[in-house]
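Written out below as structure tokens is the structure these notes cover.
The values are calculated or read from the model by the stated rules, or taken from the named source; none is laboratory data. This one's a predicted model, so the numbers in the text were calculated from it and none came from an experiment. Glycine gets a Cβ as well: all are built from the backbone with ideal geometry, and neighbour counts include every protein chain shown.
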Amino acid sequence: MILVTGATGTVGGQVAGLLAGTRPLRILARRRSEVAAAGPDAEVVRGEYADHGSLLRALTGVRAAFLVTNDIAEPDDERFVAAARASGVRHVVKLSAYAVADPQAQDLITRKQRQNERILRDSGLDWTFLRPRAFMSNALAWAPRVRSDGVVRALHGSAPDACVDPRDIAEVAVRALTGPGHEGKAYQLTGPEAITPQQQTACLSEALGRPLRFQELTADQARSQLLRRYPPVVAEALMRSAQRRLEGGKSQVVSTVRDVTGSPARDFRAWATDHAEAFA
């Protein structure tokens, strides 16, 4: 039995969809109604990280688990690992972040991910860390303005990022969950090229068959947008992360997706073509 958390999210939903129908699958979710990716064959167990009893129920009989946590204010990884050890889980595949291995990255989110990785390293469980760069799907935040005005508004338009397609992250996760030899590995995951927001705008324009305009945000405008979506500490961490991108700290490309799956990582042009309907 494999357990997937985060199945209502970007990567977890892809992982659940790839596993569905191929082997016994259980999904942990707060609300059953929100889980659509896995189809009728998956067992959906209602629960949450703060409810130890629900974690124990979800993890009973589970061999491997895919772990996604997002709340930097809660000890969710510690809670999950405690329940996994008590339930006899052998292997946890953890969605982490590329910046964990970058000593120059000291923002709050990265420090939290480092702490979470240490919890797993010290747990006695087998572990695999997936450390992706930014998701290509983050570009979906531009969709409302693209639809209404034909404009992409972003910070640091000329700063490159080797962003990765969430489908490729999910493919690597499934290999780690279902095959041998991935225990104790930390997989850095990128797309096949470092691409700037201006270049992403050009790819979206090509996919849509109509001109789009890029508009650079000031730091104050970007911070204001983030504060409408996140607590101040998270917004500031994201601003620091954006500064690292401007300094070239996110431009490195690695071949891990191809090495693990045997297929090349998808580029942003392919992602834009496949998701053009969201911007149309």
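The table for this structure:
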quantity	calculated
Whichever residue in the range 255-279 is more than 14 Å from Ala139 (Cβ to Cβ) and among the polar types (S, T, N, Q) and, among such residues, is nearest to the chain's Cα centre (by Cα)	Thr256
Test: residue in the range 89-99 that is exposed (fewer than 14 other Cβ atoms within 10 Å of the Cβ) and touching a Ser or Thr at 6+ places or on another chain (Cβ under 7 Å)	no
Answer residue from the range 207-239, given it is of a type in the set (Gly, Ala, Ser) and assigned to a helix (DSSP H, G or I) and is nearest to Gly150 (Cα to Cα) among those	Ala207
Thr201 being modelled with pLDDT of 95 or more, over 28 Å from Val15 (Cβ atoms) and either in contact with a helix residue (DSSP H, G or I) (Cβ under 7 Å, 6 or more places away or on another chain) or not aliphatic (A, V, I, L, M) (or both)	yes
Considering residues of the range 179-192 that are surrounded by 16 or more Cβ atoms within 10 Å (Cβ to Cβ) and not in a strand (DSSP E or B) only, the residue farthest from the chain's Cα centre (by Cα)	His182
Yes/no for Leu204 being touching a His at 6+ places or on another chain (Cβ under 8 Å), surrounded by 20 or more Cβ atoms within 10 Å (Cβ to Cβ) and touching a residue at least 12 places away in the same chain (Cβ under 8 Å)	no
Cross-chain or 6+ apart pairs with Cβ under 6 Å, the range 96-124 first and closer than 16 Å to Asn70 by Cβ, then part of a helix (DSSP H, G or I) and hydroxyl-bearing (Ser, Thr, Tyr)	Ala99/Thr110; Asp107/Ser241
Any hit, the range 54-77, residues being over 19 Å from the mean Cα position of the chain (by Cα), over 19 Å from Leu130 (Cβ atoms) and charged (D, E, K, R)	yes
Residue count, the range 212-232 (criterion: touching a residue at least 40 places away in the same chain (Cβ under 8 Å), of a type in the set (A, V, I, L, M) and either surrounded by 13 or more Cβ atoms within 10 Å (Cβ to Cβ) or touching a Phe, Trp or Tyr at 6+ places or on another chain (Cβ under 7 Å) (or both))	3
Selection within the range 89-106 - outside any strand (DSSP E or B) and over 22 Å from Ser251 (Cβ atoms)	Val89, Arg90
Residue pairs meeting the criteria (Cβ under 8 Å; at least 6 apart or on separate chains; first of a type in the set (S, T, N, Q), in the range 148-165; second not in a helix (DSSP H, G or I))	Ser158/Thr196
Residue ID - nearest to Arg244 (Cα to Cα), chosen from residues in the range 113-135 that are among the polar types (S, T, N, Q) and not in a strand (DSSP E or B)	Gln113
Residue in the range 38-84 that is surrounded by the most Cβ atoms within 10 Å (Cβ to Cβ), counting only those that are assigned to a strand (DSSP E or B) and at pLDDT 95 or above	Phe66
Considering residues of the range 240-280 that are in a helix (DSSP H, G or I) and in contact with a Leu (Cβ under 7 Å, 6 or more places away or on another chain) only, the residue modelled with the lowest pLDDT	Ala242
